[in-house]
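Heads up, the thing below is written out as structure tokens.
Values in this text are rule-based calculations from the coordinates and carry no lab data. Fair warning: this is a prediction, and the values are worked out from it, not measured in the lab. Cβ atoms come from the backbone with ideal geometry, glycine included; neighbour counts cover every protein chain shown.
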Amino acid sequence: MSGTDGWVSTGLAWRDGRAVLSAVHGRRTHEREVLPGTEVGWRLGGPRRCIGALLVGRDERTPCPHRAGIAPDGGAVQCPPCQSVDRGLALARDQILDDGRTYRLYLAWFGEGLLKVGLTAEQRGTSRLLEQGALAWTFAARGALPAVRRAELTVSAAGLARERFKVRAKVDHWWEHGDAAHRRAVLTDARARAHELLHGHEVELLPGHPVVDQVGLFGLTGGAPAAYHAVEGLADGAVVAGRLRVPIGRHLLLDRPGGEPPLLLDTRLLTGWTLTPAPGRPPSGLSLVPRARPEAPDTQEALF
């Protein structure tokens, strides 16, 4: 099937606390809420295309004027020209010094030893923390973009938290993440230490902001499935199918019939493919990597 026409996946986003999958056809957009228990099935058509860019001053994504192709199994969802003008990437690369909006500095906990510092536009609410799959988080400060960015760099340079973690490192902590009291204590302490570092900065400190725990929201109270197959690559003609579980950040867990391990799909891999309904068809054409919960270390001393 040619991917030159039809609905092109633009991935998963969180809006008003709901996970939404979206696709575009020209300038038309279709959105579907990710509801646990829903059976889905999509056949992928290529080539995989750039999804365009979010431009400064616009709320709607602008389609790629080049209809450029992108790597079928890569993490990038935009061609280089669209990347160069995308508002979100420009912010991440410090190419926008100030845009007049208010930003919030956050601390996010992804697992033991994985404490992240970042910023998000106040108008986005908590969407960024949901999309990143933060297991727990708190806002630490607010202010104009230049001041919040300086605060982020200060916290990172002090070694209190890092600005980035690889997706695999976050996912591996889904099996074991301690209890809510521990997560709350880590973040509360980290926020207090961050405030000491930010004394004199031109930001409003938020000492009373609650610690928000998202483990239950993501269906991870008992941890991730003991075994699953991670989708590492997609191809033209592949079929993605299964029964949806609760989404985790931008990841989908799909149960398969017959007791096979569920699939874990990073929806960024789905982005850029043309989707056609494939009801009743099993998954096929997927590059899968089996993963399993690590065995607990044997702490019992040997008899001899």
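Observations, loosely collected:
- For the pair Ala71 and Ala181 in one chain, pulling the backbone fully straight at 0.36 nm per residue adds 35.3 nm over the alpha carbon distance.
- Cα gyration tensor shape for region 118-163, rounded if a/c is under 1.5, else prolate or oblate: oblate
- Exposure proxy ranking, count of Cβ atoms within 10 Å, fewest first, for Arg293, Arg168: Arg168, Arg293
- Fully extended contour minus Cα-Cα distance, from Leu197 to Ala226, at 0.36 nm per residue: 6.4 nm
- As a proxy for reagent exposure, ranking Leu275, Leu54, Leu97 by other Cβ atoms within 10 Å from fewest up yields Leu97, Leu54, Leu275.
- Cα gyration tensor, region 169-304 - rounded (a/c under 1.5), prolate or oblate: oblate
- Each label was represented as a point 7 Å from its Cα along the Cα-to-Cβ direction; for Arg150 and Val56 these points are 2.1 nm apart.
- Extended-chain gain in nm, criterion 0.36 nm per residue less alpha-carbon gap, Ala235 and Arg27: 72.4 nm
- Cysteine residues of the chain whose C-beta has no other cysteine C-beta under 4.7 angstrom: Cys82.
- Shown is the FRET efficiency for Glu260 and Arg15, computed with R0 = 41 Å from the Cβ-Cβ distance and rounded to the nearest 0.05: 0.80.
- Overall form of the chain: oblate. Here a/c, set by the Cα gyration tensor axes a ≥ b ≥ c, is 1.5 or more, and a/b is not larger than b/c.
- Ellipticity estimate at 222 nm from DSSP helix runs (n ≥ 4, -39,500 (n - 2.57)) divided over the chain, nearest 500: -5000 deg cm²/dmol
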